[in-house]
Amino acid sequence: MQGYNKYYPPEYDGKSSLNKLAGKHSLGNRARKLNQHILIVRFELPFDIWCEKCNSHIAQGTRYNAEKKKVGAYYTTPIFSFRMKCHLCPNYLEIQTDPQKTEYKVTSGARRKITEFDGDKIGAIKVDSILHASNKADDADSRDPFAGVEKTLEKTKHMRASHQRITELYQHTNQRWADPYEKNQILRRLFRNEKKSKDAKLSANDSMEWRIAKVAQHKKRHANGPTTDNR
Ligand SMILES: [Zn+2]
């Protein structure tokens, strides 16, 4: 059995690893074909495919235990192939990495489902066209030296104008926030005065209400007076 915890058997000599003692690879059963340079990995389908034998549709994201091996190289980047058995029939599927196009390609046993959509219909922005347009403008400038000079003059003018505006804004800020303590005092004084006048109004209202209530009470008592007398 593969060693996986801290138990060291009495026959362990302390020189090699526990895996070596058990005669196992550290990657376990997945490394059983390493002598053929094959490692077994979990592979997830990067796109929808159709199996060529059972003709069934297999969805993107379906996972297989695939045999991964190096089959070549694109410059210095290795090309890997993943070979797995279709889960619906005995057919074998093979998918390879394609470093040149930075994608996967089906090499045998299946067909890739090509999903196409119209970019204009969903309102996608075409990066190519934007790059093309900006490159075109740059090309025109580089061909005409006068256009380049005009552009530089315009840029200088714009820079001067913005420099002036920035200086103004800077001075304005400095003037307003030269003494924050004083500004704070002014603000607090304003708030205090406002609060005082508000409080005065409220207390005036209260006393008016109190007087109205008293008058009403008095009137009521006066109206009830004769009835108690006639009893
Ligand atoms: Zn199949």
Only helices counted: for the chain, with every DSSP H run of 4 or more residues adding -39500 (n - 2.57) and the sum spread over all residues, [θ] at 222 nm is -16000 deg cm²/dmol
Looking only at lysines whose Cα falls under 23 Å of Lys196's and that sit 8 or more positions away or on another chain, we get Lys183
Taking every alpha carbon pair in the chain, what does the distance histogram look like in 10 angstrom bins from 0, in percent? 5, 11, 11, 10, 9, 9, 11, 12, 8, 6, 5, 2, 0
Radius, Kirkwood style, for region 33-112 when every pair of distinct Cα atoms is counted (Å): 12.9
Would you mind pulling out the separation of the Cα centroids of region 147-188 and region 12-90, in Å? 64
What ranking of Phe191, Phe47, Phe80 comes out by heavy-atom accessible area, probe 1.4 Å, highest first? Phe191, Phe80, Phe47
Taking 0.36 nm per intervening residue step and subtracting the Cα-Cα distance, what contour gain separates Ile166 from Asn19 on full extension? 45.9 nm
Area of His222 that stays accessible when all protein chains are in place (1.4 Å probe, Å², to 10): 140
Set the Förster radius R0 to 45 Å, insert the Cβ-Cβ distance between Asn65 and Arg143 as r into 1/(1 + (r/R0)^6), and round the FRET efficiency to 0.05. 0.15
Sticking with the crude label model, points 7 Å out along Cα→Cβ, report the distance from Leu34 to Arg112 in nm, one decimal please. 3.2
Cross-link table Lys195/Lys219; Lys24/Lys69; Lys33/Lys53, entries beyond 29 Å C-alpha to C-alpha: Lys195/Lys219
Take the Cα atoms of region 1-52, build their convex hull, and give its volume per residue in Å³. 129
Using a Gaussian network model of the chain with C-alpha springs under 10 Å, which one of Val215, Val106, Val71 is most mobile by mean-square fluctuation? Val215
With a cut-off of 8 Å between alpha carbons and a minimum separation of six or more residues, what is the relative contact order of the chain in percent? 9
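Across region 154-231, how large is the tail of the calculated P(r) beyond 17 Å, expressed as a percent of all Cα pairs?
Tail of the P(r) past 17 Å holds 74 percent of the pairs.
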Heavy-atom accessible area per residue of region 22-89, all protein chains kept, 1.4 Å probe, expressed in Å², is 64
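The values are calculated or read from the model by the stated rules, or taken from the named source; none is laboratory data. Treat the numbers as computed from the prediction; the structure is a model and nothing was measured. When we count neighbours, we look across all protein chains shown, and the Cβ atoms used for this are built from the backbone with ideal geometry, even at glycine. Side chains are part of the model used for accessible areas, which takes the heavy atoms of the whole protein and leaves out ligands, DNA and RNA. Shrake-Rupley method; radii C 1.70, N 1.55, O 1.52, S 1.80 Å.
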